[in-house]
């Protein structure tokens, strides 16, 4: 077997060509597939429900951020309490030799 040049891939060595993905290959999301199968009136209703759902999520976003901030403060307080309880305080004076 001849030595492979750095520019050759194992695919090109095995099959004699480059691996290519066809340009016309399209993958739609499930929402797009669902929406494309609707009749016009049903599509408008679906869009309205989708918009309402997004507005609700936006309204709850601020509330979720507040809850996350409270949890973060609570966690920080627990860590501080644990640290203060378990770590020995050793004050050093100027001129002391410290390892």
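The values are calculated or read from the model by the stated rules, or taken from the named source; none is laboratory data. Keep in mind it's a predicted model, so treat the numbers as computed, not measured. Neighbour counts run over all protein chains shown; Cβ positions are idealised from the backbone, glycine included.
Between a first residue in segment 35-48 that is exposed (fewer than 12 other Cβ atoms within 10 Å of the Cβ) and a second residue that is modelled with pLDDT under 80, which pairs have beta carbons less than 8 Å apart while being 6 or more apart in sequence or on different chains?
So the pair list comes out as 36/28.
Within segment 71-79, is there a residue that is more than 31 Å from the chain's Cα centre (by Cα), over 26 Å from residue 31 (Cβ atoms) and surrounded by 10 or more Cβ atoms within 10 Å (Cβ to Cβ)? So that I can check it myself, show each step before the final result.
Initially, segment 71-79 is screened for residues more than 31 Å from the chain's Cα centre (by Cα), giving none.
Within segment 71-79 (the criterion being more than 31 Å from the chain's Cα centre (by Cα), over 26 Å from residue 31 (Cβ atoms) and surrounded by 10 or more Cβ atoms within 10 Å (Cβ to Cβ)), the answer is no, since none of the residues qualifies.
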